[in-house]
1. Please give the peptides 18-26, 72-80, 49-57 ranked by average Cβ packing (other Cβ atoms within 10 Å per residue), highest first, as a rough proxy for protection.
2. Would you pull out the residues with amide H under 5 Å of Ile46's amide H, same chain only if 5 or more places away, H placed 1.01 Å from N?
Amino acid sequence: MSRIVFWVLLAAAIYLAIVFARSRRISGEKKKISRKSDPRAPVAMIECPQCGTHFPEDEAVLGDGVAYCSERCRKAARAGKHA
Ligand SMILES: [Zn+2]
């Protein structure tokens, strides 16, 4: 009788180990995915006042307190103002 109890406990232990390992793997994958598709992570997009192109905020070229998409647009805007 004690043999059956031993095997049942062994089977239960193996089953729990598999379930535990699986749940850990799934939660690890979820963390990776959520880190990639985090809605707060993407950089804000700004519209260039010179050419109208949308570009990421961290690539902005600042000129006179205005964010342009490139050095070219900043120069063009300045030239436009002075002309
Ligand atoms: Zn531009």
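Read-outs throughout are calculated quantities, based only on the coordinates presented, and are distinct from any laboratory measurement. Owing to the predicted nature of the structure, the values given are computational and were not obtained by experimental measurement. Positions of Cβ are backbone-derived with ideal geometry, glycine not excepted, and every protein chain shown enters the neighbour counts.
1. Working: 18-26: 10.0, 72-80: 14.7, 49-57: 13.1.
In decreasing order of mean packing, 18-26, 72-80, 49-57 become 72-80, 49-57, 18-26.
2. The list, which skips near neighbours in sequence, is Phe55, Glu57.
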